[in-house]
Structures are given as structure tokens and as C-alpha cells.
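Report on one structure; see the data block that follows.
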């Protein structure tokens, strides 16, 4: 099986939804890099209060509440895209 691509999780320190997203990503075996948007005017303007944001390159995959069920559905979608 081909491993999932490494995603980017845009977050801010102290964001409880971001912390929750990290926990779920870890539990589901996602590979991801954290990117703090605080102090980055362009990313703050782009994502604003819609964090956490999960992206693959420039493609936004999910934003807001990243529940286990939403992330599980995303994982299946990414696996299917790799098979195609």
C-alpha cells in the first residue's frame, strides 16, 4: 500500500480545535507538518478564523472542526485518489 502524502496543518498556538485536530490526525496515522499562521500576514488573511486548515500543497482539504469521522472520510478519499 502506498503511504498517504504528507499534509500541512495550518494552526495557531492555543487553538483548542487545532489541538484536537492534531490528536485525531495522530490517531488515524496521518503524516503532517504543522505550520503556525500567527505572525504570517498572508496566511492569516487567507485562513483567518477558519483554522485549523488541512492542506495538500495549495489544495485545502478540510477546515474548521476536523472530527475523526471527517478525517476518516478524507483518508479514504486520499487512498482512492492514489489508486487511480
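Observations
- Residues that are under 14 Å from residue 6 (Cβ atoms) and in contact with a strand residue (DSSP E or B) (Cβ under 6 Å, 6 or more places away or on another chain), drawn from the range 31-73: 32, 33, 34, 35, 54, 55, 56, 61
- Looking only at the range 1-26, and only at residues there that are at pLDDT 95 or above and touching a helix residue (DSSP H, G or I) at 6+ places or on another chain (Cβ under 7 Å), the one that is farthest from residue 77 (Cα to Cα): 11
- Of residues in the range 32-56 being over 10 Å from the mean Cα position of the chain (by Cα) and part of a loop (DSSP other than H, G, I, E, B), the one nearest to residue 70 (Cα to Cα): 50
- Search result, residues across the range 45-74 that are surrounded by 13 or more Cβ atoms within 10 Å (Cβ to Cβ) and within 12 Å of residue 11 (Cβ to Cβ): 47, 51, 52, 53, 54, 55, 63, 66
The values are calculated or read from the model by the stated rules, or taken from the named source; none is laboratory data. The structure presented is a predicted model; accordingly, all values stated were derived computationally and were not measured. Here Cβ is always computed from backbone atoms with ideal geometry, including for glycine, and neighbour counts include all displayed protein chains.
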